[in-house]
Amino acid sequence: MGLLRCVLVLVVLVVFDLKTAFGSLRSSQSPKSMKHQSYPASRVPAVSSQGLTLQKASPFQSLDSRRFAQEPLGVQEKQVLRGPVKPLDWRFPIVPEVPREMAVDFHLRQPVTPSSVAIQCGETRIHVEAHQDLFSNGQLIQPSGLTLGGCPVVGFVPGSKVLYFENELQDCNSVVMMTKDELVYTFALTYTPEAFAGTPITRTDGAVIGIQCHYQRFHNVTSNALKPTWVPYASTAAGEEILLFSLKLMMDDWSYERPSNSYFLGDIINIEASVMVYNHVPLRVFVDRCVATQVPDVNALPRYLFIENHGCLVDAKVTASSSRFMPRSQEDKIRFQLEAFMFPGGSSRSIYITCVLKATLASAPSDALHKSCSFANGWLAADGNHQVCSCCDSTCGPDGGTAAAPFGDVQWEGQASLGPVVVQEHKKTLTGF
């Protein structure tokens with residue numbers, strides 16, 4: 001009996017366990033249950049006993065991948081693509097109007113009558129002394145160009161730059177006048193300028209100085225300088241990308257544009273070259289070359305190329321003038337000084353200056369193609385990089401094999417003109433006794 005009871009209990013337990021196991025199996029094979037269990041299987045990696053990470057593949061992973069392939073973009077990206085597009089409102093930039101310079105109080109300085117000629121009248125002879133700086137402007141005249149009535153210079157006063165003549169009163173084409181009260185001997189001290197060697201220009205004009213020996217009284221003869229009327233003219237050339245290159249005559253202190261274009265021989269002409277930048281990165285301007293002519297045509301003869309070889313101001317070396325570039329104070333401006341000159345024998349006292357200007361990135365260093373060099377006992381650069389001026393006595397740039405343009409030839413070029421610049425001569429007649 002006891003054995004039978006034990007057998008019945010075991011049968012009941014086995015049946016109950018089989019029923020429970022069958023229910024669990026059905027539950028695990030249902031879609032809902034499988035979907036619920038796929039998430040941890042696909043997201044949580046399994047770690048093997050050897051420390052290697054094993055990834056279980058979810059049975060529904062391929063379905064999610066297909067759904068992702070059909071929807072490659074998220075909801076937020078779809079909204080961006082489907083949103084409204086702002087219409088283009090860009091317009092080509094318009095060059096703004098350049099403000100006019102304010103009026104300045106300007107008076108043309110008249111030259112002072114030089115006291116460079118001294119005369120001593122003797123009983124039978126005349127002694128005349130003339131300083132080589134005949135016009136007191138720093139320009140020394142050539143002795144061969146000075147004569148007294150056709151008589152040449154005798155020589156120099158020892159230890160000085162003074163020329164002298166020593167002649168009889170009746171010599172050197174003198175003219176004698178007799179009046180009731182006096183006897184007058186009149187001579188003509190004549191200076192004929194000669195062009196600088198290798199150039200067609202001169203910085204002194206011809207002069208005739210009347211010399212009279214009076215034995216009873218003195219008499220002075222003078223004449224006033226002419227005051228020509230100025231018709232201003234300036235032209236500028238705009239480069240690409242709204243760049244405006246220009247040349248201006250400036251006051252002595254560089255504060256304003258000069259309201260007059262009249263100068264006397266030997267005066268200093270202050271010129272400012274600039275590039276005006278609109279909607280552009282900062283640029284640095286250079287004067288590549290400049291030529292002076294008597295008419296606006298740059299190819300007319302005579303012509304004087306006073307800046308050449310990519311920024312070498314040769315005027316000071318050729319004519320021993322004080323022409324030079326000023327130290328740079330702004331990247332978009334470069335200033336230089338030029339001693340006033342004229343073309344001898346010409347019918348016009350006006351000169352026209354035409355320059356080719358270049359602009360490079362302000363961050364680019366100067367080189368043999370982009371420089372501002374002056375001559376003063378050697379070549380000096382306006383920005384202190386004197387090494388780039390070493391080619392000024394030869395050929396600068398690719399032709400001379402000294403340099404190439406910086407940053408892949410990133411530069412802009414334009415032409416600017418200035419004129420007429422009226423250069424007046426020193427017209428004076430001096431009388432000595």
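The values are calculated or read from the model by the stated rules, or taken from the named source; none is laboratory data. The model shown is predicted, which means the values in this text are computed figures rather than measured ones. Heads up, the Cβs are rebuilt from the backbone with ideal geometry, glycines too, and the neighbour counts pull from every protein chain shown. Side chains are part of the model used for accessible areas, which takes the heavy atoms of the whole protein and leaves out ligands, DNA and RNA. Shrake-Rupley method; radii C 1.70, N 1.55, O 1.52, S 1.80 Å.
At a glance:
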| item | result |
| --- | --- |
| In Hz, Karplus ³J(HN,Hα) per residue of segment 330-336 (6.51, -1.76, 1.60; θ = phi - 60°; x = Gly, Pro) | 9, 5, 8, 9, 9, 10, 8 |
| For Asp367, distant residues with modelled amide H under 5 Å away | none |
| Cα-based shape type of segment 140-180, given that a ≥ b ≥ c are square roots of the gyration tensor eigenvalues and the cut on a/c is 1.5 | prolate |
| Candidate residues Val85, Val117, Val318: accessible-area rank, largest first, probe 1.4 Å | Val85, Val318, Val117 |
| Using alpha carbons only: equivalent-ellipsoid semi-axes of segment 315-390, gyration tensor based, whole Å | 27, 16, 10 |
| Rounded to whole Hz, the Karplus (6.51, -1.76, 1.60) HN-Hα couplings of segment 122-139, x for glycine and proline | x, 5, 10, 10, 10, 10, 10, 10, 9, 6, 4, 7, 4, 9, 6, 10, x, 9 |
| FRET efficiency, Val85 to Val281 (Cβ-Cβ, R0 35 Å, nearest 0.05) | 0.70 |
| Ranked order, Tyr185, Tyr263, Tyr164 - accessible area, probe 1.4 Å, largest first | Tyr164, Tyr185, Tyr263 |
| FRET E, pair Val176, Val295, Förster distance 30 Å, beta-carbon r, rounded to 0.05 | 0.05 |
| Leu183 long-range amide H proximity, modeled H, under 5 Å | Tyr215, Gln216 |
| Accessible area per residue, Å², segment 246-324 with all protein chains present, probe 1.4 Å | 37 Å² |
| Over 30 Å between alpha carbons, listed pairs Lys161/Lys248; Lys317/Lys358; Lys161/Lys317 | Lys161/Lys248 |
